[in-house]
Every structure is written in C-alpha cells, then in structure tokens.
Amino acid sequence: MMRTPLASERIQKVDSKTGIKVIQITSYPTPSTPFPYDWPCVTNDNSRLFFYCQRSGSRDAPLDIWRCDTDGLNLFQLTEGGEGQAIARLTLDNSALYAIWKMDPKIWRIDAETGDSVVVTDLAPQFGTAHPVVGPSIMPDGRLLVGRGRGEGPIGGRSGFDWYTFDPDTGALETLPVEGTVLGLDFVRNRIVVNHDPYTLGYEPRDDGMRVFTNMNEVPMSTWTYDLDGGDEQFLSEWIYAHGTVLCGTGCIHGPGFPPNRCVWVTKPGEEPRKVAEGPYFWHSGGSFDGEWTVTDTNWPDLGLQFVHIPSGGFRTLCHAGATQDHSQFGHPHPGLSADGRICVFGSDRTGVRQVYVAHITDEFRESVIAGELDQPNDKWI
C-alpha cells in the first residue's frame, strides 16, 4: 500500500511550571500510546519516534505502528492489518522494527522508512494461537527472543512462559532453557536478565469489600542472569521494585521502590542495590541506553515527570503529563527516553483520549540536574 506522510496533528506547548517544550504528537480521537518504556523508540539522531495508534475506539481494537518526526511533523503510518495488540522494537541501527501481533503469532520485519513489511517467521506451527506471545526482544548477538505463554490469559496464566530465540539470518528457532520471565538484555556483558518466581496476579478483598490486584505467589521474586544460550546462571538481586526494568543496554536493574520506599533503586551486577533519588513516590521509569539518565512519572500525589541523573542522584520536574493516572495502559504516562536522554516520550489522556507526547530536554536543564538544582529554592526531600 502506498502511503504518504500526513502534515501534522501536533499541538505545541510549553510547560507552565518548568518551561520545557512539550509537543502533543497525535490528536486523532482514537488512542495512541508510546512503545514500552524499557527500550528506546526514538532514533539515535533524535529526529523520529515510533508509537502505536489504535485502529478504532472499541475495546482491544488492533494497534497499528506509526512514526513521526520529534518536532511533530511528517506523521506516517507504517503498518495496517495486524490483529490484536502489538509489541514492536526498533533495531539498534534504526533501519527496521521487529513486531508481533498477539492474535497472529508471526514475527514481522518492518522497514522504518517505507513501512514495507515481511514475515520473517510464522510461530503458529510451534506455538499455536491459543496462548499469548511476548517479544520480540533484540539480543546483543542479533537474535530475537520471544516467549509463549503456557496458560491462558494476558500474562501467560499461572504456568509462566516457554522461551525461544530466533535467528533472522538463518531462520533457526531454538528453545532457551530458562525458567521465569525474561526482563531484558545486558548489552555490556552479553547476558539475559530473568525474574524467577514472577508475579501471579489475582484478586484480594479489602476491608471495604473492594477487590484489588495482588501477587498470589508466596515465593519472593528474584532476578538472575544467564549467558545468551541460557547457561551460566548468576544471581543479580532480590526484587525490591514497584516497576523495575533493565536499564536499557547496561544490564543494571532500575525502578521505583515498593512503598513505603520513595526512591529509585539501581542494582548493578555484583553490587548491592543503591538508592539514587529519594523524595516523591516514583512510579514507572525508563532510562537512556547508557544508563546515565532515567525519567519517572509520580503518583500519590502526581508531582509530574521527574528527570533523574543516575550517577549523582539529582532530579528535577521535567514537565506535567496531566494524565488521569487511571487505566494502566491509557491513563499512566509510562515515560521513556531516547538513547542519549535528550527526548522524553510519554502518554497522557489529558484531552480525554490517550495521545503521545514528547518533551525536549535542553542541555541547560540537564546541567541543572547534575548540579543538584531544585525546582524551588525551598524544596526539601527525604
């Protein structure tokens, strides 16, 4: 299908409290949302970003993949026709994306410029179509990592996942002998990061009669690493994060702590966990590929997106998403960063519909965070 860029849906803003330039990338009245915040969705030169747009306003409507310049121009639809929810990853050289639509378990390779798409493998003969598929994650050696849920439901049920690697060059699909949930990849040490005894979500009644989601697993979760073929198991850390991710290419784990901790934890292989920032309740965090920066949304109360310098622990409010903080996929900002930490991508339903936003982070602002400047002269944190 021949596609041409749309002119723009952008709305340009300046955050009234921080002075940071924020651009609303999408405005169409169906939900749009960034890629997952644990992997950059912005090109290495910071010129383009990639995101999902829901095809219609119905529940569980399929997601299509779009791109746009980070100044809000040249909005371009890359895909049309996938069924169900999609997971896509931008390759390290930014030339393509690998994607899976969960209702049709094929791995697609999508040209980042033209949108030309090709199926590199059909997983249905091995996986079937009745169970959820996660991935593809891009491995340091160029292979792709995918998981097949053993049980029904969006997170694989109580039985977890079976893991596989796929080589786009040879077409080889091989079993990866690890148990647990793959959290991400360590590009420094060429290792796979895996959570043992991961969450099993269930319902728990409160005193007021309401039911809340909770972890039904009685065994504490812990994080381990393996070589790229699933061998050489090594302990990394106990699980201390409310929402933890691999800090992009570094192999470190980072994320906000469970209440009552009001901090961002970072755990490096071979070291004890370290608190790098304390103050508001940090919520979800996405880091730069070199591990120097992270950005987190906040809650209870919402104090805006916090931009954190990991080596120094300094942080300042970057901007205010204005999101409802309600439905996890549509009301949570879930911010992420470009590889160099100069572009922040987040979602917000401040208009009533989830849309994609970018905040442009100036060198002056970055330097103020490193210097330990606060938002207000009288600010005091823990």
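Derivation of every value follows stated rules applied to the coordinates shown; laboratory data play no part. This is a predicted model, so every value here is computed, not measured. FYI the Cβ positions are ideal-geometry reconstructions off the backbone, even for glycines, and counts take in every protein chain you see.
Tabulated values for the structure
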{"read-out": "Ranked list, fewest to most other Cβ atoms within 10 Å of each Cβ, for Cys53, Cys344", "value": "Cys53, Cys344"}
{"read-out": "Extension reserve of the Asp363-Asp208 stretch, reckoned as 0.36 nm per residue once the Cα distance is removed", "value": "50.9 nm"}
{"read-out": "Label-to-label distance, nm, for residues given as Arg150 and Leu303 (7 Å Cα→Cβ offset)", "value": "4.2"}
{"read-out": "In sequence order, calculated HN-Hα J values of the stretch 62-79 (Karplus, 6.51, -1.76, 1.60; Hz; x Gly/Pro)", "value": "x, 9, 10, 9, 10, 9, 7, 5, 6, 8, x, 9, 6, 5, 9, 8, 8, 10"}
{"read-out": "Mean residue ellipticity (222 nm) of the chain, computed from DSSP H runs ≥ 4 via -39,500 (n - 2.57), nearest 500", "value": "-500 deg cm²/dmol"}
{"read-out": "Residues Ala124 and Leu6, FRET efficiency given R0 of 45 Å [Cβ-Cβ distance, rounded to 0.05]", "value": "0.85"}
{"read-out": "Rounded FRET efficiency, nearest 0.05, which uses the C-beta distance separating Lys21 from Ser47 and R0 of 22 Å", "value": "0.90"}
{"read-out": "Coil-residue chymotrypsin sites (Phe, Trp or Tyr not before Pro) of the stretch 277-382, DSSP, other Cβ within 10 Å capped at 15", "value": "Trp381"}
{"read-out": "The stretch 6-370: relative contact order in percent, alpha carbon pairs under 8 Å with at least 6 residues between", "value": "14"}
